[in-house]
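The values are calculated or read from the model by the stated rules, or taken from the named source; none is laboratory data. What you are looking at is a predicted structure, and each value in this text was computed from that prediction instead of being measured. When we count neighbours, we look across all protein chains shown, and the Cβ atoms used for this are built from the backbone with ideal geometry, even at glycine. Just the protein is used for accessible areas: all its heavy atoms, side chains included, with ligands, DNA and RNA removed. Shrake-Rupley method; radii C 1.70, N 1.55, O 1.52, S 1.80 Å.
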Amino acid sequence: MSITAAIILGLATVALAYGVLVYNGLVSLKHNVAKAWANIDVLLKQRHDELPKLVEVCRQYKQFEESTLTRVTEARARVAQAREAHDVSALGAAEGLLRAGLGQIFAVAEAYPELKANEHFMQLQTRITALENGIADRREWYNEAVNVHNVRIEQFPDLIIARMFGFDAQALLQFATAEKADVDLKALFNA
C-alpha cells in the first residue's frame, strides 16, 4: 500500500469516526428533548386529572360563576388536545388560557369564604400549585434541552450530519399570555 493510499484511508477513517461521534451526540440531544417533554407530559396529565375535581368542588357552591368554570373546562380540553398532538405552540397558547382561568377561579374563590375554607378545595389548590410549580421547572429544563439541540444542529460541521439524517429544530414551550397569569397564580396560591 502506498503512502498516499494510507493517508487517504487514515483521513477517511478519522472522518467516519468524527461523523459517528457527531451523529451519536445529536441522537443523545434528540432523546434529551423527548425525555424533557415526557416529564412535562406526566405533570400535565396529573393536572388534567385534578381540574375536574376542582371544577366540581366549585360547582357545589351554586352562586359560583359558571362562566369561569366553563372557561377552565374548555382550556383543559385544548391543553389535552395539544398535548396529545405534541403541538408545542398550541400547548403554549392553551396553557395561557388555562392559567388565566385558574387565576380567575382562585380570585373568585376569595369571595366565597365557605369554599375557601373547604378542605377538599384547599387540598386541590395545594396539589395544583405543586403541579404548576413542577410544570414551570420542567418547562425550563425542556426549553434548555431544546435550545442545546437547536444550537447544535445549526453549528458547522454538525449541521451537515444533522441535515443528512433529518434532525429538525424543536419548538420552545412558551406560555405567551400566561406569564402574567402565572405570576398572579403564584400570588393567589400563596395567599
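Side notes on the structure shown:
- Which listed residue, of Asn24, Asn39, Asn32, is closer than 16 Å to Ile135 by Cα, of a type in the set (S, T, N, Q) and outside any loop (DSSP other than H, G, I, E, B): Asn39
- Flag if Ser89 is among the polar types (S, T, N, Q) and in contact (Cβ under 8 Å) with a residue 40 or more places away in the chain: yes
- Residue match in the stretch 30-51 (condition: within 21 Å of the chain's Cα centre (by Cα), polar (S, T, N, Q) and closer than 29 Å to Ile160 by Cβ): yes
- Check on Ala111, over 30 Å from Val22 (Cα atoms), part of a helix (DSSP H, G or I) and at pLDDT below 95: no
- Of residues in the stretch 126-167 being in contact (Cβ under 8 Å) with a residue 12 or more places away in the chain and not in a helix (DSSP H, G or I), the one most open to solvent (accessible area, probe 1.4 Å): Phe165
- Residue count for the stretch 73-125, restricted to those that are acidic (Asp, Glu), under 24 Å from Asn39 (Cβ atoms) and surrounded by fewer than 19 Cβ atoms within 10 Å (Cβ to Cβ): 2.
- Condition check for Arg152: closer than 22 Å to Glu50 by Cα and of a type in the set (D, E, K, R): no
- Taking each residue of the stretch 103-117 that is hydroxyl-bearing (Ser, Thr, Tyr) and looking for partners that are open to solvent by less than 80 Å² (accessible area, probe 1.4 Å) and part of a loop (DSSP other than H, G, I, E, B) with beta-carbon atoms closer than 7 Å, six or more apart or interchain, yields Tyr112/Tyr61; Tyr112/Phe64.
- Subset of the stretch 42-72 [open to solvent by 10 Å² or more (accessible area, probe 1.4 Å), free of Cβ contacts under 8 Å to residues at least 60 places away in the same chain and either under 24 Å from Asp137 (Cα atoms) or among the basic types (Lys, Arg) (or both)]: Val42, Lys45, His48, Asp49, Pro52, Arg59, Lys62, Arg71
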